[in-house]
Number of protein chains: 2
Amino acid sequence: MVDIATRVYNHKWKIDPIIRSLIDTDFYKLLMCQSVFRNKPDTHVEFSLINRSRNIRLADVIDEGELREQLDHIRSLSLSRGESTWLRGNMFYGKRQMFRPDFMEWFENFRLPPYHLEKRDGQYELTFEGRWPEVMLWEIPALSVLMELRGRAVLNAMDRFELQVLYARAMTKLWEKVELLRPEPDLRIADFGTRRRHSFLWQDWCVRAMREGLGDRFVGTSNCLIAMRRELEAIGTNAHELPMVYSALTDTDEDLRQAPYRVLADWHEEHEGNLRIILPDTYGSDGFLKEAPDWLAGWTGIRIDSGDPASGAETAIAWWKERGEDPRQKLVIFSDGLDVDKMLELQARFRGRVRVSFGWGTLLTNDFRGLVAEDALAPFSLVCKAVSADGRPTVKLSDNPNKAMGPADEVARYKRVFDVGIQKPRAVVV
Amino acid sequence: MVDIATRVYNHKWKIDPIIRSLIDTDFYKLLMCQSVFRNKPDTHVEFSLINRSRNIRLADVIDEGELREQLDHIRSLSLSRGESTWLRGNMFYGKRQMFRPDFMEWFENFRLPPYHLEKRDGQYELTFEGRWPEVMLWEIPALSVLMELRGRAVLNAMDRFELQVLYARAMTKLWEKVELLRPEPDLRIADFGTRRRHSFLWQDWCVRAMREGLGDRFVGTSNCLIAMRRELEAIGTNAHELPMVYSALTDTDEDLRQAPYRVLADWHEEHEGNLRIILPDTYGSDGFLKEAPDWLAGWTGIRIDSGDPASGAETAIAWWKERGEDPRQKLVIFSDGLDVDKMLELQARFRGRVRVSFGWGTLLTNDFRGLVAEDALAPFSLVCKAVSADGRPTVKLSDNPNKAMGPADEVARYKRVFDVGIQKPRAVVV
């Protein structure tokens, strides 16, 4: 019995929108947006898409017209009544009214600002310019649109049967991962996979699978829309864009050296408990911790997002001990390129020494490696970063030189100011 | 958008029938039925279900009421107009009007005869008695109903998500098999998996997958309904029930010794080409070939359905040579408990020496091994056999003593008459 209504409904979409909600984004974007909205509302920033996987020529794969349609559609979105109610009324990290009324009023009237799109050398130059709180909300939808359009280009050549087998295999692959995680009693894993997901529906399925397989050990998702619909915790704190923009705005080396701490001082004022998570690697974790003010050692935890994760955690544990803190009360969140083996290894290594949590991203929501010819659905390394603030370039060093960003002379200056020595390069998979 | 009509439609079935068509059966049953309809229409037979996997207590797993509903539903089926048209008009094995008008008229008015069902020792005693051409058509639907009801009992305890993962994994498993077969250029594989399939829909999917993956190297299916709907070749020739019943009807040892050849003499009259396939193992292949009349060596091929398949094929090749036939013109059909490794091994061993074809059964259409707890969906060894003819017990020896059937004294007599020596027992998986 063919359901003609469903079929007609499916066909009458002029486009099949990838992003259908402003809160189909990462929770930390909203937290940071509120912070920026209060502390730096008028800072003028530029965000830019950067494809670190140059061999994937996105402009050859993705049709420009389709990309524009998707981006235009995103610009037409505004917060729905139900979404607003959820943001205003839901408890996040144990706190009601996480989002202040002034921020919510602004957000309810918010539309994403214009974008600039050009093709160059087989890549898309996609940039967003304007006031920081507005521009920053482009990051996640821009990334997920490009990821999904690239996937759709591959899927378009497949017939219905091939698609069925593809998704059966992808489900099996994910379920095998869940089965490997299952015996581990003390896991805490969250979905951090919005930005480089295969698709919205697939991310939603992954979240469902994690919940079914791990129960409460799956602690939530960074995706607000999925958190709302599936009644899960929305997870996330803050990211590199805060220290990057704060730093770009400084005038002197000394000012620059303090900028990352000022970010956290502002955060300290706004948030407590599990939202007080240090992200130390923007300009090298070792130097950051060494020079950190004592009040930072009182924070709940640290997020390790580059470099060797075990070393990063060891450094943090040593630092806490040095500052008279008990690491067993602290939380280490690993979030860089994780897959099952790495998580189990880290879990085993730090069991009983520190609380451990995982933000599992791309290899949760987009592990289509090996499933189609020429690995055309394998995830790749796409980011969307603040590249300038009030006309000054931003810099990111991280604990992996392959993740560094910014003009060469500025990178050199930052390395000097933050006393970053020789760093070990690590392959950036996703 | 919930499709209410579909939902209501799905719920209004009093039962969800497993068998919905009289031709949801193996093609060779219809060929044999026509032969029996001509040659032995009034023979009175009894068929009985035999669960060779005694550890699976079917009567504990399957509700008697549900089983009766399914069997009663099968008794209500009659040939539809389209099915009749297909049987009358389709080309089978290169021949039109394979089914004679008198047989078709009879079949168009056919309903399955009554069944007898009792519980004993945790098993069902399910028997069918009556005229041979009528009773014999119970075999395949009876087996597939029991297989599927046992599966449903397990599936009933699973929620929608678990079911989705289950079928994703089963699809992945099958597709991996297809991928392993794909590189092999000269395969000829048919689906022989109706009787012990997981379910009708699953068998249909397996057929679809084989066709997609192997193209013309997937030569067809034994299932008439699927062959009709998917426009594939219907595959099959004849089975043990013919020599078993012919043999049971004999009065003397000498008469018995000739019975298996009389079966094939009748078949010889009716069929040619690829339908002339010897099934030699009913009372031991070695003796059967040694004593066979010369005209049998002129037949197209042989089906190896028990014993060590490679030895069986070697014996046949040697026999053809001895009788002055060129084995490279002959066809060996393997059909006993096959899976991918075994098929690839046999294919490699006999390449260039004889034409090879595979009838892939249970491990094509029901390989749910390892997919649920306690392996509760693993296939098991269920058969439905003629146990008596005109009041005399039937006997089957086969090339594997674990597959032997019949009263002990009769088995002993048959072994003597057919000069069957010591046989090597082999595990019966499916």
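The values are calculated or read from the model by the stated rules, or taken from the named source; none is laboratory data. Source: prediction; values computed, not measured. We place every Cβ from the backbone using ideal geometry, glycine too, and count neighbours over all the protein chains shown.
Quick notes on this structure:
Residue by residue, here is whether (1) among the basic types (Lys, Arg); (2) touching a Ser or Thr at 6+ places or on another chain (Cβ under 6 Å); (3) within 23 Å of A:Val387 (Cβ to Cβ) holds:
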{"site": "A:Asp255", "(1), (2), (3)": "no, no, yes"}
{"site": "A:His271", "(1), (2), (3)": "no, no, no"}
{"site": "A:Lys321", "(1), (2), (3)": "yes, no, no"}
{"site": "A:Asp339", "(1), (2), (3)": "no, no, no"}
{"site": "A:Lys342", "(1), (2), (3)": "yes, no, no"}
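- Output for region B:254-267, where each listed residue is surrounded by fewer than 16 Cβ atoms within 10 Å (Cβ to Cβ) and either under 18 Å from B:Gln34 (Cα atoms) or touching a residue at least 12 places away in the same chain (Cβ under 8 Å) (or both): B:Ala265
- Residue ranges of helices (runs of 4 or more DSSP H) in region B:327-430 with at least 1 members exposed (fewer than 14 other Cβ atoms within 10 Å of the Cβ): B:340-350, B:408-417
- With respect to (1) among the acidic types (Asp, Glu); (2) touching a residue at least 60 places away in the same chain (Cβ under 8 Å); (3) over 20 Å from A:Leu371 (Cα atoms), the lone exception for A:Glu108 is condition (2).
- Residue satisfying condition, being in contact (Cβ under 8 Å) with a residue 24 or more places away in the chain, among the aliphatic types (A, V, I, L, M) and within 14 Å of chain A (Cβ to nearest Cβ), within set B:Val154, B:Val135, B:Val178, B:Val145: B:Val178
- Subset tally (residues that are within 14 Å of chain A (Cβ to nearest Cβ) and farther than 27 Å from B:Met147 by Cβ) for region B:7-41: 2
- Selection of helices (runs of 4 or more DSSP H) fully inside region B:221-288 by the criterion of at least 1 residues being under 17 Å from B:Leu87 (Cα atoms) and under 20 Å from the mean Cα position of the chain (by Cα) returns B:224-230.
- Within region B:181-224, being closer than 18 Å to B:Phe368 by Cα, touching a strand residue (DSSP E or B) at 6+ places or on another chain (Cβ under 9 Å), more than 14 Å from chain A (Cβ to nearest Cβ) and not polar (S, T, N, Q) holds for B:Asp191, B:Phe192, B:Gly193, B:Arg195, B:Arg196, B:Arg197, B:Phe200.
- Any hit, region B:206-218, residues being of a type outside the set (A, V, I, L, M), at pLDDT 95 or above and not in a helix (DSSP H, G or I): yes
- Qualifying residues in region B:79-99 (those that are of a type in the set (A, V, I, L, M) and either over 22 Å from the mean Cα position of the chain (by Cα) or in a loop (DSSP other than H, G, I, E, B) (or both)) - the one farthest from B:Leu30 (Cα to Cα): B:Met91
Listed here are the residues, each with its yes/no results for (1) modelled with pLDDT under 95; (2) in a loop (DSSP other than H, G, I, E, B); (3) in the same structural domain as B:Met228 (by TED's automatic domain parsing); (4) crowded, with 18+ Cβ neighbours inside 10 Å.
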site: B:Leu22; (1), (2), (3), (4): no, yes, no, yes
site: B:Leu30; (1), (2), (3), (4): no, no, no, yes
site: B:Phe37; (1), (2), (3), (4): no, no, no, yes
site: B:Val45; (1), (2), (3), (4): no, no, no, yes
site: B:Ile74; (1), (2), (3), (4): no, no, no, yes
site: B:Phe107; (1), (2), (3), (4): no, no, no, yes
site: B:His116; (1), (2), (3), (4): no, no, no, no
